[in-house]
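S.K.: Submitted below is the structure of interest, expressed as structure tokens.
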Amino acid sequence: MNTQRPCGCKGVRTCLQCEKDFNIQKPSLIEQLKALQAFSFCPLCERLFEGWNPFEVREQHPAHNGNEGLPFPGMFVQEQFLKTHESEELMENLDALPWDISQSGRRKQNFGPKTNFRQRKLKNGSFNGFPASTRFIQQRLRELPLLRDFQTIEQCSLEYEPTKGASIDPHVDDCWIWGERVVTVNCLGDAVLTLTSFDATINPQKYNLDLVSEYEKQLLLPLMEVKELELFKDKVIRVAMPNLSLMVMYGPARYQFEHAVLREDVKTRRVCIAYREFTPMYIDGEDKEKGNEVTQNAQNFWTDTNNAITEVI
């Protein structure tokens, strides 16, 4: 079904509403994934241990049944990144802003430039910065060594509502415009990120992964060699994203694995904010001039829905 539906879904993307209204039958992704060998990420060990439920694996720390686990480079999770009162105030401010429908049962608030991933075209459009109520998060991100030089270019609030079967299908974030570090701040509710290895040699143009070679030497972590990546074949990786936590994907986890949020892992309303940076081409490379207007506007913070600027970093 290629047309956009009233719920906001289009193509292969579906939610519970359009599956019912249009009698859409989809293979069960969770059943396919549960047929694989499951490993869960412990954020304290920064390693993988066998098991489907990452919250249970986290509770086993530091013993993990005497298992040393497997390395999983490029995944960082900080629990309690936000305080409870900060989350409550943040949610009040986010809900005071308009939400737009999105695909797969989600709603979104998107602040960033207009991008055409297929044609690789960038326009500033009406982008004029971010809500001032979220400024403290960007400031706190830069306090972490991993994100000290992180310049947010796109900030997107995403709502996952379990009554809609909200989810996000397996994908790799675009590699033409969005840089190495993919940041998620969990503002409300628990969820799980599910990852499987992706063979970019089959379709190197997918997700614009063919461009990674142009800036691969600038990555924070080297990508896995073929033999290393082979270790993750027929495995599924599960990463807990608890309420108030921060998650950062970079290096191999960001480029060599598809990630998804399964509807079965969304038990209550979940709201997160995703932060993205430019690729090196738009920071100090050949496309820097094209990104200058966007980078300049990304310094702005405003306090009303008319985007009236009141603060500048």
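S.K.: Exactly one condition in (1) at pLDDT 95 or above; (2) exposed (fewer than 14 other Cβ atoms within 10 Å of the Cβ); (3) part of a helix (DSSP H, G or I) is not met by ASN65; state its number.
M.R.: If we test ASN65 against (1) at pLDDT 95 or above; (2) exposed (fewer than 14 other Cβ atoms within 10 Å of the Cβ); (3) part of a helix (DSSP H, G or I), just (1) comes out false.
S.K.: List the strands (runs of 3 or more DSSP E) that sit entirely inside region 195-313 and contain at least 1 residues that are at pLDDT 95 or above and surrounded by 14 or more Cβ atoms within 10 Å (Cβ to Cβ).
M.R.: Numbers: elements: 235-241, 246-249, 257-261, 270-278, 300-302, 309-312.
Of the strands (runs of 3 or more DSSP E) lying wholly inside region 195-313, those with at least 1 residues that are at pLDDT 95 or above and surrounded by 14 or more Cβ atoms within 10 Å (Cβ to Cβ) span 235-241, 246-249, 257-261, 270-278, 300-302.
S.K.: Looking only at region 135-161, which residues are assigned to a helix (DSSP H, G or I), touching a helix residue (DSSP H, G or I) at 6+ places or on another chain (Cβ under 9 Å) and crowded, with 18+ Cβ neighbours inside 10 Å?
M.R.: Within region 135-161, ILE137, LEU141, LEU147 qualify.
S.K.: Six or more apart or on different chains, Cβ under 8 Å: which pairs go from a residue in region 291-306 that's closer than 17 Å to ASP95 by Cα to one that's at pLDDT below 95 and not acidic (Asp, Glu)? Could you list them?
M.R.: Pairs found: TRP302/ALA308; TRP302/ILE309; TRP302/THR310; THR303/THR310.
S.K.: Here's something else I'd like to know. What are the residues in region 172-206 that are without any contact (Cβ under 8 Å) to a residue 40 or more places away in the chain and hydroxyl-bearing (Ser, Thr, Tyr), if any? Walk me through it before giving the result.
M.R.: Residues of region 172-206 without any contact (Cβ under 8 Å) to a residue 40 or more places away in the chain: 199, 201-206.
Within region 172-206, THR201 is the sole residue that qualifies.
S.K.: Additional query: With the requirement that a residue be of a type outside the set (Ser, Thr, Tyr), crowded, with 19+ Cβ neighbours inside 10 Å and within 19 Å of the chain's Cα centre (by Cα), what does region 33-58 give you?
M.R.: Within region 33-58, PHE41, CYS42, PRO43, PRO54 qualify.
The values are calculated or read from the model by the stated rules, or taken from the named source; none is laboratory data. For clarity, every value in this text was computed on a predicted model and none was experimentally measured. In this analysis, Cβ positions are derived from the backbone assuming ideal geometry, glycine residues included, and neighbour counts consider all displayed protein chains.
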